[in-house]
1. Only one of these is surrounded by fewer than 24 Cβ atoms within 10 Å (Cβ to Cβ), within 14 Å of chain B (Cβ to nearest Cβ), without any contact (Cβ under 8 Å) to a residue 60 or more places away in the chain and not aromatic (Phe, Trp, Tyr): C:Thr231, C:Thr244, C:Thr258. Name it.
2. Pick from the range B:319-331 the residues that are surrounded by fewer than 20 Cβ atoms within 10 Å (Cβ to Cβ) and assigned to a loop (DSSP other than H, G, I, E, B): which of them is nearest to the other protein chains (Cβ to nearest Cβ)?
3. May I ask you to list the residues in the range A:88-103 that are more than 10 Å from chain D (Cβ to nearest Cβ) and either in contact with a Leu (Cβ under 6 Å, 6 or more places away or on another chain) or part of a loop (DSSP other than H, G, I, E, B) (or both)?
4. Might you check whether a residue that is part of a loop (DSSP other than H, G, I, E, B) and either touching a helix residue (DSSP H, G or I) at 6+ places or on another chain (Cβ under 6 Å) or of a type in the set (Asp, Glu) (or both) occurs anywhere in the range A:33-45?
5. More than 7 Å from chain A (Cβ to nearest Cβ) and touching a strand residue (DSSP E or B) at 6+ places or on another chain (Cβ under 7 Å): is that true of D:Ala12 in this structure?
6. Scan the range D:48-75 residue by residue and report those that are touching a residue at least 60 places away in the same chain (Cβ under 8 Å), outside any loop (DSSP other than H, G, I, E, B) and more than 25 Å from D:Glu106 (Cβ to Cβ).
7. If you go through the range A:27-39 one residue at a time, do you hit one that is of a type in the set (Phe, Trp, Tyr), under 20 Å from the mean Cα position of the chain (by Cα) and over 30 Å from D:Phe53 (Cβ atoms)?
8. Among the residues of the range B:19-56, write down those that are hydrophobic (A, V, I, L, M, F, W, C), within 7 Å of chain C (Cβ to nearest Cβ) and buried (at least 19 other Cβ atoms within 10 Å of the Cβ).
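The values are calculated or read from the model by the stated rules, or taken from the named source; none is laboratory data. Just so it is clear, the model here is predicted, and its values are computed rather than measured. Counting neighbours? That spans all protein chains shown, and the Cβs are built from the backbone with ideal geometry, glycine included.
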Protein chains: 4
Amino acid sequence: MHEMQNDELALAALYRDFEANGLAPLWTQRDDLMPFTPAPVARAHVWRWDALFDIAERSGRLVPIGRGGERRAIGLVNPGLPGTGYATPTLWCAIQYLGGHETAPEHRHSQNAFRFVVEGEGVWTVVNGDPVRMSRGDLLLTPGWNFHGHHNDTDNPMAWIDGLDIPFSSYTDVGFFEFGSERVTDEASPEVSRSERLWGHAGLRPISALDDKISSPLAAYRWAATDAALTEQLALEDEGYPATIEQGHAAVRYVNPTTGGDVMPTIRCEFHRLRAGAQTALRHEVGSSVWQVFEGSGRVTLGDEEHRVGTGDLFVVPSWVPWMLSADGPFDLFRFNDGPIIDRLGFARTYLPGQDVT
Amino acid sequence: MHEMQNDELALAALYRDFEANGLAPLWTQRDDLMPFTPAPVARAHVWRWDALFDIAERSGRLVPIGRGGERRAIGLVNPGLPGTGYATPTLWCAIQYLGGHETAPEHRHSQNAFRFVVEGEGVWTVVNGDPVRMSRGDLLLTPGWNFHGHHNDTDNPMAWIDGLDIPFSSYTDVGFFEFGSERVTDEASPEVSRSERLWGHAGLRPISALDDKISSPLAAYRWAATDAALTEQLALEDEGYPATIEQGHAAVRYVNPTTGGDVMPTIRCEFHRLRAGAQTALRHEVGSSVWQVFEGSGRVTLGDEEHRVGTGDLFVVPSWVPWMLSADGPFDLFRFNDGPIIDRLGFARTYLPGQDVT
Amino acid sequence: MHEMQNDELALAALYRDFEANGLAPLWTQRDDLMPFTPAPVARAHVWRWDALFDIAERSGRLVPIGRGGERRAIGLVNPGLPGTGYATPTLWCAIQYLGGHETAPEHRHSQNAFRFVVEGEGVWTVVNGDPVRMSRGDLLLTPGWNFHGHHNDTDNPMAWIDGLDIPFSSYTDVGFFEFGSERVTDEASPEVSRSERLWGHAGLRPISALDDKISSPLAAYRWAATDAALTEQLALEDEGYPATIEQGHAAVRYVNPTTGGDVMPTIRCEFHRLRAGAQTALRHEVGSSVWQVFEGSGRVTLGDEEHRVGTGDLFVVPSWVPWMLSADGPFDLFRFNDGPIIDRLGFARTYLPGQDVT
Amino acid sequence: MHEMQNDELALAALYRDFEANGLAPLWTQRDDLMPFTPAPVARAHVWRWDALFDIAERSGRLVPIGRGGERRAIGLVNPGLPGTGYATPTLWCAIQYLGGHETAPEHRHSQNAFRFVVEGEGVWTVVNGDPVRMSRGDLLLTPGWNFHGHHNDTDNPMAWIDGLDIPFSSYTDVGFFEFGSERVTDEASPEVSRSERLWGHAGLRPISALDDKISSPLAAYRWAATDAALTEQLALEDEGYPATIEQGHAAVRYVNPTTGGDVMPTIRCEFHRLRAGAQTALRHEVGSSVWQVFEGSGRVTLGDEEHRVGTGDLFVVPSWVPWMLSADGPFDLFRFNDGPIIDRLGFARTYLPGQDVT
């Protein structure tokens, strides 16, 4: 195709006319547009919690919070996506910081959001008027178009991570945004949110709410439950029963109790626990993930590189970049990814060396 | 149509020939086959727990348990369905009784089954090798084709109710049956079954088990959780939030955590709690239900009759027979019905006087 | 279990008290209630078209048609279900006969219905005001709660078969019924119904009707299309491509174009074509079927018996009774069954000797 | 937030450290990342068929076709997305040109593809070995991972448009690609493909293929059927029946016969017909579309601009840009968009002035 068979002037004119007419030939781009395997521009990368927390703290001292900017949130910028503020092509991930007695005003948006707490406590996120306590190990949801704000009920600052589908929403041009109340609409600080009181009972559904919901109506997934579920999986494995996804590797997916599926239509959330000394298979997966070490330390292989990671450290795995975890001691990790997008649109593939692609 | 217009001899011959040829004319049967509203042969009826328990106890002394008869279970016979052993056209309901250290041998069948415990403890039901403790207020599942047996680990007898879709399975000719082990395959008596350890964490799904299941993989729904869920609904109602299905009437449906839908494809299980003094609307519903009072006392209206009912009493509501509950004091009731059959086949209708049929 | 271990008087009293209290012990009934494989009361049976048609014709002369009786329809009575008017436990099947210029008045009911035409023409069935021509080989639908009546636009009588879920609706007490217009609401006799004009274009859906429907919105499935689909399957088989369900056996399922699933929630309709000389595997299937020979002749094995059958003959296959078809010449058969009930409730099983149960 | 409260040096250091640590603050980007309504970078634009065809013809003379470049396809480049070769953020659209007796070699890829023919004939696209004729008005599918090539069976060139989800697949990093045969694997040129012979019968499904498929198994949607469906909708409207989506505006969606849903998981295809003089409402829709005028002429309003368009002209409507069509004479248009992505992920919204957002 690339050997020109005709006079060069005509060809040059043709290429000029492509451009003049708002056109581009496929044959010069095919390799880039349709690679043999996914060829992400985003890169695997590790961010250190100490550095993030330090910079968040300095922001807390220097940058006020209020209407317009909305949140004191500092996004991870993938080194392959400079200038974007995106952690992966589809996902945004930030550390958010709220000083003692500060309030992040209410707003709502099409973008789906969650928060995960690696340390600290004292903030309540108020979701559609329901105050939800945020504590270590909790996953808190703010699905699309729910009003939400945060307020710190204590004298001490608190930091956590936010995950949103901002890049995907921006890319597909689906986002709407609306300001809400300047203060949170309910300043109470209950231990348990109303959403948990209604929906937080395993296998029991309120008959007053039988319509399925596209996102989970359960606003908080508490650490104690997650920890118990993982502990039981490893104990069952010890007793010889199927429970873990591979030897020494327990894992749960957070789900929408009305469907048993993912908590939100664009974001999958999971928690993984490795026993001391355990190692996962090396996996290629379609779709991009963000991981945060919750507790313990270990190593993560990302493509050709291995990194030591510890509590709070975050790392990104772009699509089809092989990854593997190895646990020094007990090793707990939270992950979120764009799995629901990949699955719902029929693009899921996983490859483990020595096995068939599935 | 019924005035004969032709000579009577020919007509008589015709009717004889219908019969001789294995035929039946619609026009003489239309009213019966296709009534204006459901006209169940089954009747509303109440069974008293004291009488049931007494008769079960006598059976315990007089009738051994073992292979062939399989279970010391005594079924409610609907007075409109004499000779059948059926509580409603679709549902079978029995009191089952197991003496101290007795065993009901293992078997499996297509029929879906559950047990609900109104009093007592000490029996473990072993479902596919997983011993499941049975205690007051618990719902225990044995979905179709799971091996199961029961054994009493104590010196004392225990009784509970069984609910199955035996009539429906028999009617539609869908049932298979297989004998299993004479003894239960695991005689341990753990507090918590393996199924609960794997599946009993609200909103958390083992990643090792992402395929949806037609019946719930959770073998036990414990009373403490049911009680907490109902208590919270009433508390939320007190605080002014939507949670109950009508004033003073809390209710949960037991669901399959892999789908958010009914626990088994033919049987719906629910728990209802009325505040002291509360009264439900009078409801007509398509499909038949069996209720058991779990605690407290009150009155139930069944068509034109009102009955006082107390702990352990069972009553049946055939399709479209209007029913209403009134609570004297706090009033807790378990119910099961054929709702999944009605819903999945598109026949659901509900009517409350003064409202539209939905 | 059956050896009495206690004094006989006490036992006799116990059994009396079962009856007095509306109870029945499982242990005396278990074999009947829960057989090892389905043990239908209904029996395999063949009805001859000549006899049916003759008796329908005589009914046409002797029995008027009108409000109350509603239809001149004569139901097949399964020899195992005497006194019921049912062809199988779940399905009703009748020959319906309408004289020249007669009208069957409009009504509607929860029961799902269809008509299949083995010979003749001249009648229009009017479904929710849409006149639908009935001709040889056509399948015409009247899903639950659609008003419908029939009128014969010619001087000549016409007969066809009706299939309904009357037994199932009666058994589960789900049926509602309402009279409509005495005359059909539209007496036009168009070649093509409005439903076909809107929905009868393969792979094309009106954007004005994107909500899925529980029953097919397509009122008529025409013979020409069915014949073409079967012809193509056999031609593809000849050319070496997968298309038939087994050698020489082409088959289509009639489907709801909004879902790709069965035409109605309780009734599955299919058309089968065997090449001359072809023979099907011997199949055990859960659920009951009614077959009608449309064209040609052959033999059907039903359990231990073999019957010769020809055009118009009907036969019934109860659940799990093995069946096999053998074609003398080209052999075309229509069938309907309760497959959607069986499938949606999780009871489907099929067994072919030499293969695993699926 | 934007009034600095602290000394400027510390703040400058903070912003430097954001960058040094691979971070970006949300508060400076919020407006861009989360606009009040979708703010697409892509722009509404019109491409003229004459210009496209001329440039394709010149390419046909100057640029050979073969392995590597794979296709002589020339993509529309959205003026808001320079350098990309993308028509919208999610969709790629090209004119493809194949000279007499040329072959485009076989390959397969995760990307979903279709072809639509605005004029010409003589090419067969071979999809998984099944030769599919391409003629005026036909929609031809090549869902993800199906091998496909094209060959021109005549002496004359042919051009058509291709639509793919290349941008979406590239953005989400989901694409795999594989070369296949240099020649098409079946050089036959049948009128009708095997896929049409098996699947092209409205409401009839081969029993040999009851598993649902994520993409339509029907490879060709023929013009005659599309035209007939639209003609009937307008005729029904004339007769006073509901059929069109608004006065004078008939429309069909191409669907997967196994589900009744979109033909492919990422791309929706539709055909619209306006009567002479008809005008659509002005619509805002989430998601991006590409339209091609198939026949006739009219005007399209795109945001603030109105364009005259005629046969073959293509135009793009980015997300939430209001659009309206006005027909001079009869006006036929094909459209495809990313509707399945928007719908499956819960982002759909439509707004018509004077109505509520839905």
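1. C:Thr258
2. Of the range B:319-331, the ones surrounded by fewer than 20 Cβ atoms within 10 Å (Cβ to Cβ) are B:322, B:324, B:326, B:328-330.
Cutting the leftovers down to assigned to a loop (DSSP other than H, G, I, E, B) gives us B:322, B:328-330.
Details: B:Pro322: 14, B:Asp328: 23, B:Gly329: 22, B:Pro330: 18 Å.
Residue satisfying both the conditions and the ranking: B:Pro322.
3. Step one: filter the range A:88-103 for residues more than 10 Å from chain D (Cβ to nearest Cβ), giving A:91, A:93, A:97-103.
Selection gives A:Leu91, A:Cys93, A:Gly99, A:Gly100, A:His101, A:Glu102.
4. So the first thing to find is which residues in the range A:33-45 are part of a loop (DSSP other than H, G, I, E, B), and the list is A:34-44.
Right, trim to either touching a helix residue (DSSP H, G or I) at 6+ places or on another chain (Cβ under 6 Å) or of a type in the set (Asp, Glu) (or both) and you get none.
No, the range A:33-45 has no match at all.
5. Working: more than 7 Å from chain A (Cβ to nearest Cβ): yes; touching a strand residue (DSSP E or B) at 6+ places or on another chain (Cβ under 7 Å): no.
So D:Ala12 does not fit the description; no.
6. D:Trp49, D:Asp50, D:Leu52, D:Phe53
7. no
8. Those that are hydrophobic (A, V, I, L, M, F, W, C), within 7 Å of chain C (Cβ to nearest Cβ) and buried (at least 19 other Cβ atoms within 10 Å of the Cβ): B:Leu23, B:Ala24, B:Leu26, B:Trp27, B:Leu33, B:Met34, B:Trp47, B:Ile55.
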